[in-house]
Structure formats: C-alpha cells, structure tokens
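In what follows, a single structure is set out as structure tokens and then discussed.
Each value in this text was obtained by applying a stated rule to the coordinates, not by laboratory testing. These numbers come from a predicted model, not from an experiment. Neighbour counts are summed over all protein chains in view; Cβ atoms, including those assigned to glycine, are modelled from backbone coordinates with ideal geometry.
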Amino acid sequence: MSDTPADASKRTWIIASACTGAVGGLATAVPFVSSFSPSERAKAAGASVEVDISGLQPGEKLIAEWRGKPVWVIRRTPEQLAELAGLDGELADPESKRTSYAATPAYARNEYRSIKPEYLVTVGICPHLGCSPSDRFTPGPQPSLPSDWKGGFLCPCHGSTFDLAGRVFKNKPSPDNLEVPPHRYLSDAKILIGEDTA
C-alpha cells in the first residue's frame, strides 16, 4: 500500500515538528542542568587561599578571606608569646580540647595554638553569636577589660575575651576558643589556608 502525496506531506511535517521540538527542549534543558554545577564564585569560596606573610611585622595582623570568613594571621612578638604560658588558670579551655564549635587541629593543640609559635592563624568570628572580636593587643587596663589585661581580643557584642592564642577566658558567653582553620606552610613566606596536608 503506497502513501498518497498528502500522507507523505503529513509525515514530513510530523518529523520536522518532532526535530524542532527536540532541539528546543535540549536548548531549554542545557542551561537548567548546567545551573546544578557550582559557579566559579562558589568554587572559589570553598577553595584554599594562599597568603603571603613575608611583609608581616611582629605585632601586626593581616586578614584573608576563606569560605566567606575572615581569617586573621597575627605575627606575635616574643613578649606576647611569653605572656601566654601564665594564662592557663584563667582560660576555659587552655589545651583546646573542646569540640562544641570547631575541633582544633592536632598541630594547634598547644599553648600557642599554632604550627609556628610566632604566627597565629585563626578565624575572626566569635563562636558565641558570630560577631567579630576587636583587637586589644595592648596590655593594661582598658574599658571592658580587666586591669591585668595581657593582650588579646574582645568581642563587643557580649563581652567574650580571648588571649593572643584565641583561647576564651572563663565565665564568658563564648562556648569555645576561636577556630583554627586547616592550614600549612608552603614556605617561610606563604601559608595555605584550607588545607593541612600536602
């Protein structure tokens, strides 16, 4: 049985319509499906960050951003380091054993909370309610601080205080020490924040 010219014409239109529909559907689906992939900005937000510390002088702090958080790198002076050892009795968690907020990496569970005593690498967010503590590096009496203040950080929101190793003092609202992010030294002048293994 042979097709009539009208049947052949209908078949051609049906095939053409189906192909056009398939191409249109594919054109619509590609952007939708590709939206499931993370954007370059999202990838960068979770990526490791390389920080140059070559110009950081003793007593200074620089701020980097990692995963949308401020990360402080502080180069402590010999005098600041000497003060840390005598504070254990005043601190809530001097050995960084708590894990309620963020577990401290094993290489930072020491009185300096660092790989190299001179440098503190910590996230600048208070574990209490997410405020950003202020620098109070200068020792001595100051508003909202004890008269024997040795230097550290003060969270202005609810008064939590931290020493220059980011350890919280006793009887403060913060439930934990400041977070030490994963990090490692690429050289004496560069730190990689976000990774702690080569």
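So what is the relative contact order of the stretch 129-198, in percent, for Cα pairs below 8 Å that sit 6 or more residues apart? Present the calculation step by step, with values, prior to reporting the outcome.
Values: 109 pairs, mean separation 12.4, N = 70.
Relative contact order, the stretch 129-198: 18 percent.
Run the dipole for the stretch 43-193 about the Cα centre, Lys and Arg Cβ at +1, Asp and Glu Cβ at -1, nothing else charged, and hand back the magnitude in debye, nearest 20.
Numbers: 18 positive and 18 negative charges, 86 e Å.
Result for the stretch 43-193 is approximately 420 debye, rounded to the nearest 20.
Normalised by the number of residues in the stretch 37-180, what is the relative contact order in percent for Cα pairs under 8 Å and 6+ residues apart? Kindly include the intermediate steps, with their values, before the conclusion.
Working: 267 pairs, mean separation 31.5, N = 144.
Reported relative contact order: 22 percent.
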